[in-house]
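Down below is the structure, laid out as structure tokens.
The values are calculated or read from the model by the stated rules, or taken from the named source; none is laboratory data. Note that this is a predicted model, so its numbers are computed, not measured. Neighbour counts are summed over all protein chains in view; Cβ atoms, including those assigned to glycine, are modelled from backbone coordinates with ideal geometry.
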Number of protein chains: 2
Amino acid sequence: MEQKNSKALHKLSELHRQHKGLINLMPLQTGGMLTDAAREALTEFGDGYSVCDFCQGSLCNITNPAIRDFVQELLPQFLGCDVATITHGAREAKFTVMHSLTRPGDSILVDANRHYTTIVAAERVGLNVIEAPNSGHPEFRVTVNKYASLIKNYAPKLILLTYPDGNYGNIPDARRLGEIAQEYNIPYILNGAYAVGRMPVSMEQIGADFIIGSGHKSMASAGPVGVLGMKKKWEETVLKKSSTFSNKEIECLGCTARGVPLITLMASFPNVKERINNWNEQVSKAQWFSAELEKLGFIQLGQKPHRHDLLHFHAPVLYEISKRVRERGYFLYKELKERGIWGPQPGLTKSFKLSTFAADRQQLGFVIDSFKAILNKYS
Amino acid sequence: MEQKNSKALHKLSELHRQHKGLINLMPLQTGGMLTDAAREALTEFGDGYSVCDFCQGSLCNITNPAIRDFVQELLPQFLGCDVATITHGAREAKFTVMHSLTRPGDSILVDANRHYTTIVAAERVGLNVIEAPNSGHPEFRVTVNKYASLIKNYAPKLILLTYPDGNYGNIPDARRLGEIAQEYNIPYILNGAYAVGRMPVSMEQIGADFIIGSGHKSMASAGPVGVLGMKKKWEETVLKKSSTFSNKEIECLGCTARGVPLITLMASFPNVKERINNWNEQVSKAQWFSAELEKLGFIQLGQKPHRHDLLHFHAPVLYEISKRVRERGYFLYKELKERGIWGPQPGLTKSFKLSTFAADRQQLGFVIDSFKAILNKYS
């Protein structure tokens, strides 16, 4: 026990990242890399509760640092919503909305490409989840018109759309779903964890009731932190104040992301606000990269032409190699890492996800050449 | 609108702390200042989802960085519990336990010195809260024997004790409450947000079912992050897995503090584990400081002799000054800041809280002299 503990303690003195400085293609990470400004803010506000120096009772009302302006002015404009707040992340935002708008036993309707946390958040509330199917292999498209008949059949209390989903990077017709939501008068959550901070997206234009974003996934922030935007009419439900403590929001347990991730989100925001204007180039870069990898025998799953930097590849040629090499599935991770590239989940070869968001065309060219070299080496 | 936004944006380029380098007596902050190791880890793991480089599906099972060893070996031993997990903070840990053990309409019993988030977490679950009273001014002591009759009268589903509370720094007889909990067979939460990481505390020795700690308050971590320890018998209830995703815990929504605050908690842990051994000196330092301030006419509220670094002072002499100076209540903050001291909430003079945890005796001597000088200046 003593020895085991001393080993475990020793590991805590070796907290280093093995992927530092590599070309990063990992979909979870490419939108969350800190800006220089965020890196400075990280050090400045690293100590415990340092955001609360001038707290008057509510995180989103703090004026120094300028959280109030950020949450009450900049975020609503950026998200195209009336009211915004801060959460611990996208999943916590989903739970908060579900928990405040529904009751155990209610049904909600979501897309089949939903993140697993959509299901787990619903399970935590005690909800039945109906899924609008996708089109299956190879495109896995969600056709939002299917929501209409499911609404009629199941009378869900909420609908949710993942925009785009984290598995295929598919962009469904969110605006059409906004019309359907309005037609049936059902609150509509847009989960934009892979959209907000990467690409232009407006809750108002889409016609959603809620928009959710993730700081660590797509807004150049330390983890974990999220944003939640909503129509004014939901403020009193979702951000209801405690009956005992009149300045404390019940669903936020007073304050949510009361620490440095929020400060990095704020510090990166001016850059994030600008970078979404390059979205066309991001999409074109992703399409080019995908086409080049398809020339090597990989098959890109999901929508084509693709409209997001998150790409899912089926790579039977790599899988065949993995079956006959000593490292098995890990050979790909190892080969890429040796070339300064970090992307596919270690162990995966048959099918894996990559994101082109953080790499430039020159770096992606090197990645393409590296895949070629790896295929040659093992052919 | 445009101009207002550009002002708000500009503020984001000025994210600086005004209290950097000051002698810190702010109770929320003295236990959360980062160690050097944590400061390094902060930079290393600052980017978004960087803790998830080698994720296999569950935060607390990640082996690189060594989260699994930390959560499954080091934390249980440190907390004196069977099973530990990571939360976003103490309030989220309370909500998680309440949400998984009770149903809306149930009653729970807590001490009158409870943190406001205990009430708000209960409200979020839909619980009735019964409070075991304190003794009122000036000691505000909670006598745990009062829990017994309240248990008989209200049949609560859970009891909670704040150890110590964040208002007076009172240390109630937690072990006696452990006996009472056992006698009536009621699950018992020890909220140790101001204990775990500052002073020795063991869930097992106290006889509690749950122990809760706060990384940013008392474990030298960036905010927000917390720890939750429990008896083995509660694991299946509180950490129940999703029926759809068998490796995802429902109450954790899969993973909780998936970012850099957790890494700072881990990096600081070897130091935190050691520092609790200096607790006797911490208490003695607090008692000396309190006695010196009482000589100036301040009145220390809460237990005497005091057994914690969190001290609440009633200071009529400062309040009198505030009534006749231009800065009103802010004069004290300003005077202390000019002397390199940060502690009382800006605006407060009549009664305020200080913590002696992070300052040494020489610094505290300077603080005492500064209070003397301020009193002289305005006398």
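Take the conditions (1) β-branched (V, I, T); (2) out of contact with any strand residue (DSSP E or B) (no Cβ under 7 Å at 6 or more places or on another chain); (3) in contact (Cβ under 8 Å) with a residue 12 or more places away in the chain; B:I62 misses just one of them, which is (3). The test for being of a type in the set (G, A, S), under 19 Å from the mean Cα position of the chain (by Cα) and surrounded by fewer than 24 Cβ atoms within 10 Å (Cβ to Cβ) does not hold for A:S221. Within the stretch A:104-114, is even one residue facing another protein chain (nearest Cβ under 10 Å) and surrounded by fewer than 24 Cβ atoms within 10 Å (Cβ to Cβ)? Checked the stretch A:104-114: at least one residue is facing another protein chain (nearest Cβ under 10 Å) and surrounded by fewer than 24 Cβ atoms within 10 Å (Cβ to Cβ).
Please find, among B:E14, B:E73, the residue that is within 28 Å of B:S202 (Cβ to Cβ) and without any contact (Cβ under 8 Å) to a residue 12 or more places away in the chain.
Of the residues listed, the single one that is within 28 Å of B:S202 (Cβ to Cβ) and without any contact (Cβ under 8 Å) to a residue 12 or more places away in the chain is B:E73.
Being within 30 Å of A:D69 (Cβ to Cβ) and either aromatic (F, W, Y) or touching a residue at least 24 places away in the same chain (Cβ under 8 Å) (or both) is not true of A:I321. Going through (1) out of contact with any Cys (no Cβ under 8 Å at 6 or more places or on another chain); (2) crowded, with 16+ Cβ neighbours inside 10 Å one by one, A:L59 falls short only on (1). Does B:A208 satisfy being touching a residue at least 12 places away in the same chain (Cβ under 8 Å), in contact with a helix residue (DSSP H, G or I) (Cβ under 8 Å, 6 or more places away or on another chain) and within 12 Å of chain A (Cβ to nearest Cβ)? Here the answer is no, as B:A208 does not meet what is asked.
Within the stretch B:154-203, the set of residues being surrounded by fewer than 24 Cβ atoms within 10 Å (Cβ to Cβ) and on the phi > 0 side of the Ramachandran plot comprises B:A155, B:N185.
Results for (1) over 23 Å from B:L265 (Cβ atoms); (2) of a type in the set (D, E, K, R), shown as yes or no for each residue.
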{"residue": "B:G80", "(1), (2)": "no, no"}
{"residue": "B:V83", "(1), (2)": "no, no"}
{"residue": "B:T87", "(1), (2)": "no, no"}
{"residue": "B:K94", "(1), (2)": "no, yes"}
{"residue": "B:R103", "(1), (2)": "yes, yes"}
{"residue": "B:I119", "(1), (2)": "yes, no"}
{"residue": "B:V125", "(1), (2)": "yes, no"}
{"residue": "B:N128", "(1), (2)": "yes, no"}
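For the residues A:F298, A:F289, A:F357, the requirement of being away from every other protein chain (no Cβ under 14 Å), touching a Ser or Thr at 6+ places or on another chain (Cβ under 7 Å) and crowded, with 19+ Cβ neighbours inside 10 Å singles out A:F289. Taken over the stretch A:270-279, the criterion of being surrounded by fewer than 17 Cβ atoms within 10 Å (Cβ to Cβ) and at the interface with another protein chain (Cβ under 9 Å from one of its Cβ atoms) is satisfied by A:P270 alone. If you go through the stretch B:245-269 and pick out every residue that is surrounded by fewer than 24 Cβ atoms within 10 Å (Cβ to Cβ), more than 8 Å from chain A (Cβ to nearest Cβ) and among the hydrophobic types (A, V, I, L, M, F, W, C), you end up with 0. The set of residues from the stretch A:324-354 being surrounded by 17 or more Cβ atoms within 10 Å (Cβ to Cβ) and in a helix (DSSP H, G or I) comprises A:F331, A:L332, A:Y333, A:E335, A:L336.
Going by the conditions given, is A:A66 in contact with a Ser or Thr (Cβ under 8 Å, 6 or more places away or on another chain), of a type outside the set (S, T, Y) and either under 30 Å from A:L127 (Cα atoms) or modelled with pLDDT of 95 or more (or both)? So A:A66 does not fit the description; no. Inside the stretch A:34-60, residues that are closer than 17 Å to B:T117 by Cβ and over 25 Å from the mean Cα position of the chain (by Cα) make up a count of 7.
Among A:K241, A:K232, which is surrounded by fewer than 24 Cβ atoms within 10 Å (Cβ to Cβ), at pLDDT 95 or above and away from every other protein chain (no Cβ under 14 Å)? Walk me through how you get there before you give the answer.
Values: A:K241 fails: away from every other protein chain (no Cβ under 14 Å).
One residue alone meets the criteria, A:K232.
Could you tell me which of the residues A:V83, A:V51 is touching a Phe, Trp or Tyr at 6+ places or on another chain (Cβ under 8 Å), buried (at least 24 other Cβ atoms within 10 Å of the Cβ) and within 18 Å of A:V225 (Cα to Cα)? Step through it out loud before you land on a result.
Working: A:V83 fails: buried (at least 24 other Cβ atoms within 10 Å of the Cβ).
That would be A:V51, the only listed residue that is touching a Phe, Trp or Tyr at 6+ places or on another chain (Cβ under 8 Å), buried (at least 24 other Cβ atoms within 10 Å of the Cβ) and within 18 Å of A:V225 (Cα to Cα).
Kindly indicate whether A:A132 is surrounded by 17 or more Cβ atoms within 10 Å (Cβ to Cβ), closer than 26 Å to A:M199 by Cβ and within 14 Å of chain B (Cβ to nearest Cβ).
Details: surrounded by 17 or more Cβ atoms within 10 Å (Cβ to Cβ): yes; closer than 26 Å to A:M199 by Cβ: yes; within 14 Å of chain B (Cβ to nearest Cβ): no.
So A:A132 does not fit the description; no.
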